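One structure is given here, and the rest of the page talks about it.
The values are calculated or read from the model by the stated rules, or taken from the named source; none is laboratory data. All values derive from a computational prediction rather than experimental measurement. Cβ sites come from the backbone with ideal geometry, for glycine too, and all protein chains shown count toward neighbours.
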C-alpha cells in the first residue's frame, strides 16, 4: 500500500523525468542546429572571399582599361 507521499513523489519524479527528456531533446536539436550554422558560415566566408577576389580582379581590369584609354587620348 503506497502512501500519498509516495504517490506524490512518484508523480513529481515522472514530471522531472519528462522535463529532462524535453531538455535533452532541445539540447540535441540546438547542437545540430549550431553545427549546421557553423558549416553554413564557413561556406559563406569562402564565398565572400571568392567574391572579394573577383571584385579586386575586375577593378584592376577596369583601372587598366582607363589607363589605356587615357594613353590613347593623349597620343591622338
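Let me confirm something: among 55, 49, which residue is modelled with pLDDT of 95 or more and either within 22 Å of the chain's Cα centre (by Cα) or in a loop (DSSP other than H, G, I, E, B) (or both)? Don't jump to the end; show me each part of the working.
On the way: 55 fails: either within 22 Å of the chain's Cα centre (by Cα) or in a loop (DSSP other than H, G, I, E, B) (or both).
After ruling out the rest, the residue left standing is 49.
Return the pairs, sorted by first residue and then second, in which the second residue is exposed (fewer than 10 other Cβ atoms within 10 Å of the Cβ) and not in a loop (DSSP other than H, G, I, E, B), the first residue lies in segment 55-76 and is without any contact (Cβ under 8 Å) to a residue 60 or more places away in the chain, the beta carbons are less than 8 Å apart, and the residues are 6+ apart or on different chains.
Within 8 Å, no pair qualifies.
Could we say that residue 1 is at pLDDT below 95, surrounded by fewer than 10 Cβ atoms within 10 Å (Cβ to Cβ) and assigned to a helix (DSSP H, G or I) here? Before you say what the answer is, go through the steps one by one.
Working: at pLDDT below 95: yes; surrounded by fewer than 10 Cβ atoms within 10 Å (Cβ to Cβ): yes; assigned to a helix (DSSP H, G or I): no.
When the stated conditions are applied, residue 1 does not pass them.
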